[in-house]
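Peer 1: Below is a structure I'd like to ask you about.
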Amino acid sequence: MPSISTSERYVWTYVGNLYVKIWAPPADTNSPSTAPIVLFHDSLGSVELWRDFPEILALTLGRQVIAYDRPGFGRSYARTDTLEADFIINEAAGAFAAVRSELEIEDFIAFGHSVGGAMAAVCAAAFPKQCVALITEAAQAFVEDRTVKGIRDAEAVFAQDGQINRLKKYHGEKAQWVLRAWVDTWVSDEFQHWTLNEILPRVTCPVLAIHGEDDEFGSTAHPERYTSLPKGPCVMELVQGCGHVPHKEKPDIVNGVVREFLTRYVG
């Protein structure tokens, strides 16, 4: 079986270092003109929490896959400040821009899970000539009652003895900040009116929205919003018997759908 090569590096910003990991397919299946896939992790996520999914993507698609830890997450620099309410829209000019510049990324495919899907959409809108496809997975497009309830339920679980250690495994001493950044932002009064209504019409590339039918953090109204765009082909894939993490719960389905979508609309 062909092997995937991996490399790690840190990208310097004026605040601190961002951790980046790259999965490269065998040389005979990749070419300099093949747009890499950039992964945007979820609210509690990190590079390592993607587990083997990036490797499988790189091998299946013959494309380079790039993932990075946002500031305050994983192996990137720690944060002690309050997460800004406009953190989603800031991603395009912030961490993503730094990674894109350092790695000299031209064309790219934006692939985001959960809030990372919203960030991927923002980046697709910010770089319309360079983003050749947008793939969202369990992504939110607005604040829904189900989302807030899911976050409150998760907060109660993490409050139990020892549960925060699940986050410390991936975020170390940053775990508490990661949890509070997620909960306190999404349930705040200031954030309740957040939507991507102004951003999504600026996305011009093909869009694939993957969503589990049993997603505890969002109804199908979210993928419907992502695939109701006036420009570019839009495809919605509802995965049966699946919750909030399709690439973990139904990896074969996700890989197949992504491969079919990119083969048809990107080449």
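The values are calculated or read from the model by the stated rules, or taken from the named source; none is laboratory data. Note that the structure is predicted; figures quoted are calculated from it, not measured. Every residue, glycine as well, gets a Cβ built from its backbone with ideal geometry; the counts of neighbours run over all protein chains shown.
Peer 1: Taking the stretch 63-80 as the region of interest, how many residues are within 17 Å of Ile105 (Cα to Cα) and over 12 Å from the mean Cα position of the chain (by Cα)?
Peer 2: Counting residues in the stretch 63-80 that are within 17 Å of Ile105 (Cα to Cα) and over 12 Å from the mean Cα position of the chain (by Cα) gives 3.
Peer 1: Let me ask something additional. Please give the number of the condition Ala118 fails out of (1) out of contact with any strand residue (DSSP E or B) (no Cβ under 9 Å at 6 or more places or on another chain); (2) surrounded by 24 or more Cβ atoms within 10 Å (Cβ to Cβ).
Peer 2: (1)
Residues checked against (1) touching an Asp or Glu at 6+ places or on another chain (Cβ under 6 Å); (2) buried (at least 19 other Cβ atoms within 10 Å of the Cβ):
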| residue | (1), (2) |
| --- | --- |
| Val15 | no, no |
| Trp23 | yes, yes |
| Leu39 | no, yes |
| Asp42 | no, yes |
| Leu59 | no, yes |
| Ile66 | no, yes |
| Arg75 | yes, yes |
| His113 | yes, yes |
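Peer 1: Output yes when any residue across the stretch 241-249 is among the hydrophobic types (A, V, I, L, M, F, W, C), in a helix (DSSP H, G or I) and either modelled with pLDDT of 95 or more or closer than 25 Å to Glu55 by Cβ (or both), and no when none is. Walk me through it before giving the result.
Peer 2: Applying the first criterion (among the hydrophobic types (A, V, I, L, M, F, W, C)) to the stretch 241-249 yields 242, 245.
Checking which are in a helix (DSSP H, G or I) leaves us with none.
No, the stretch 241-249 has no match at all.
Peer 1: While we're looking at this one, here's another question. Between a residue in the stretch 175-186 that is in contact (Cβ under 8 Å) with a residue 12 or more places away in the chain and any residue that is among the charged types (D, E, K, R) and in a helix (DSSP H, G or I), which pairs come within a Cβ distance under 9 Å, given they are 6 or more apart or on different chains?
Peer 2: Gln176/Lys168; Leu179/Glu155; Trp182/Glu155; Val183/Arg152; Val183/Glu155
Peer 1: Looking only at the stretch 213-223, which residues are surrounded by 24 or more Cβ atoms within 10 Å (Cβ to Cβ) and in contact with a Leu (Cβ under 9 Å, 6 or more places away or on another chain)?
Peer 2: Result: Pro223, single match.
Peer 1: If Ser228 passes every condition in (1) in contact (Cβ under 8 Å) with a residue 40 or more places away in the chain; (2) surrounded by fewer than 18 Cβ atoms within 10 Å (Cβ to Cβ); (3) within 19 Å of Cys131 (Cα to Cα); (4) of a type in the set (Gly, Ala, Ser) but one, which one does it miss?
Peer 2: The single condition Ser228 does not satisfy is (1).
Peer 1: Among the residues in the stretch 168-178, are any modelled with pLDDT of 95 or more, in a loop (DSSP other than H, G, I, E, B), closer than 17 Å to Ser46 by Cβ and out of contact with any Ser or Thr (no Cβ under 8 Å at 6 or more places or on another chain)? Even if it seems obvious, please write down each step before you answer.
Peer 2: Residues of the stretch 168-178 modelled with pLDDT of 95 or more: 168-178.
Going one step further and asking which of them are in a loop (DSSP other than H, G, I, E, B), we end up with none.
No: zero hits.
Peer 1: So is Arg225 assigned to a helix (DSSP H, G or I), within 19 Å of the chain's Cα centre (by Cα) and among the charged types (D, E, K, R) or not?
Peer 2: Values: assigned to a helix (DSSP H, G or I): yes; within 19 Å of the chain's Cα centre (by Cα): yes; among the charged types (D, E, K, R): yes.
When the stated conditions are applied, Arg225 passes them.
Rundown of residues vs (1) within 27 Å of Arg166 (Cβ to Cβ); (2) in contact with a strand residue (DSSP E or B) (Cβ under 9 Å, 6 or more places away or on another chain); (3) of a type in the set (A, V, I, L, M); (4) assigned to a loop (DSSP other than H, G, I, E, B), yes/no style:
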position: Trp23; (1), (2), (3), (4): yes, yes, no, no
position: Leu44; (1), (2), (3), (4): yes, no, yes, yes
position: Ala67; (1), (2), (3), (4): yes, yes, yes, no
position: Arg70; (1), (2), (3), (4): yes, yes, no, yes
position: Gly74; (1), (2), (3), (4): yes, yes, no, yes
position: Asp81; (1), (2), (3), (4): yes, no, no, yes
position: Ile88; (1), (2), (3), (4): yes, no, yes, no
